[in-house]
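Here is the structure we will look at.
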Amino acid sequence: MEIEHLKKMDRIIKKAGTKDPDEVLCYMGYIPMDCGDRISGFITTHKNRVYYGVNKNFSKTKYAFASFHEAFHGICGHLDTPGFLSNGFHTDDFINRRLVASTEKEANIGASDVLIDTVQFLEMTGYDSADVQAYIKSVESFEKAASDYQNHLDIVQSSGASDYRIQRMQAYQRDLYAMYKELQEQAADISNTGVCLTRSELAAEFNVPEFIIDYKYEAMSVRKYKVPSVELPPYDKVFGSW
């Protein structure tokens, strides 16, 4: 996903004067078609025109997400990707999966970015809070230290190591664990103040599934905002034990 794709949609919405999905896609020149009840959504082209359909039985929120998903297929250039239009069509089911094609991930990031207002998202994640800004710096320091550790570990595992070097690596990991525990404490302090909502709380506030919140975080990263989650992964998921 490129930032210009998100900015292009920003410009389209501003010129259209609305975030209503039907009106936005109409402004883009996309032609709606009835896809019936059995298909969740599709997009296709014919004679240089773009046609799309989204299941009318969807809730208002899911309909908007699905419509903007199709819009971003166009904005991101997916319609010109070889094999994307299988037999002339591309169908979507809008079910989140961990392993999806890059075209679907990009469309999901774009749709989530439109669906979740950026200003509100920043407020609810406490982006301007001093505690959160301090936490961001701590996360960056930890990620740098973990990366350095992993680089050393790769060398040790590929070339072997003396007992002394192994002891140093074990001490290095203990230091990293101490940093991680400090991050956990900072995250807990922030969560307890209520200045930064969790993923589930954000999903409830915006009335969307949690996977859309995950994609919004990715969109914020594309937009160059450093918005960390205070829900840290388990330590053994950060990097393997020695």
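Counting other Cβ atoms within 10 Å, which trypsin sites (Lys or Arg not before Pro) in the range 1-50 have at most 12 and lie in a DSSP loop?
Numbers: sites: Lys7, Lys8, Arg11, Lys14, Lys15, Lys19, Arg38, Lys47, Arg49; in loops: Lys19, Arg38, Lys47.
Sparse-neighbourhood loop trypsin sites (Lys or Arg not before Pro): Arg38, Lys47.
Taking 0.36 nm per residue of sequence separation and subtracting the Cα-Cα distance, how much length would be gained by fully extending the chain between Asn151 and Glu231, in nm to one decimal?
26.3 nm
Once the piece of chain linking Lys224 and Arg199 is laid out straight, how much longer is it, given 0.36 nm per residue of separation minus the C-alpha distance between them?
That works out to 7.0 nm of additional length.
Could you work out the relative contact order of the range 98-242, using alpha carbon pairs under 8 angstrom and six or more residues apart, expressed as a whole percent?
For the range 98-242, the relative contact order is 39 percent.
For the range 153-207, what does the alpha-carbon gyration tensor say about shape, rounded, prolate or oblate, given a ≥ b ≥ c as the root eigenvalues, a/c under 1.5 as rounded, and a/b over b/c as prolate? Walk me through the numbers before you get to the answer.
Values: a/c = 8.61, a/b = 2.74, b/c = 3.15.
Here the range 153-207 falls in the oblate category.
Mind listing which chymotrypsin sites (Phe, Trp or Tyr not before Pro) in the range 36-95 are in a DSSP loop and have 15 or fewer other Cβ atoms within 10 Å?
Numbers: sites: Phe42, Tyr51, Tyr52, Phe58, Tyr63, Phe65, Phe68, Phe72, Phe84, Phe89, Phe94; in loops: Phe58, Phe84, Phe94.
The qualifying sites are Phe84.
For the Cα atoms of the chain, what angle does the longest principal axis make with the long axis of helix 60-75, in degrees from 0 to 90, nearest 10?
90
With label points built 7 Å along Cα→Cβ from the Cα atoms of Asp37 and Glu182, find their separation and express it in nm.
Label at Asp37, label at Glu182, 6.0 nm between them.
Determine the alpha carbon to alpha carbon distance for each of Lys7/Lys144; Lys14/Lys105; Lys47/Lys216; Lys105/Lys181; Lys15/Lys216 and list only those over 28 Å.
The answer is Lys7/Lys144; Lys47/Lys216; Lys105/Lys181.
Can you put Cys76, Cys35, Cys26, Cys196 in order, fewest other beta carbons within 10 Å first?
With the fewest neighbours first, Cys76, Cys35, Cys26, Cys196 line up as Cys26, Cys35, Cys76, Cys196.
Given a 10 angstrom Cα cut-off, can you work out which residue in Val208, Val50, Val156 is the most mobile in a GNM of the chain?
Ranking Val208, Val50, Val156 by mean-square fluctuation puts Val156 first.
Which order results if Leu6, Leu202 are arranged by neighbouring Cβ count within 10 Å, fewest first?
Leu6, Leu202
Can you list which of the trypsin sites (Lys or Arg not before Pro) found in the range 64-158 are DSSP loop residues with at most 12 other C-beta atoms within 10 Å?
Of the trypsin sites (Lys or Arg not before Pro), the ones in loops of the range 64-158 whose Cβ has at most 12 other Cβ atoms within 10 Å are Arg97, Arg98.
Could you tell me the relative contact order of the range 3-115? Use alpha-carbon pairs under 8 Å, at least six residues apart, and round to a whole percent.
27
Can you give me the relative contact order of the chain as a percent, contacts being Cα pairs under 8 Å and 6 or more apart?
Numbers: 242 pairs, mean separation 44.9, N = 242.
Averaging sequence separation for qualifying contacts and normalising by length gives 19 percent for the chain.
Just so you know, all these numbers are worked out from the coordinates, no wet-lab data involved. Predicted model only: the values in this text are computed from it and were never measured. Note: ideal-geometry Cβ built from the backbone for every residue, glycine included; neighbour counts use all protein chains shown.
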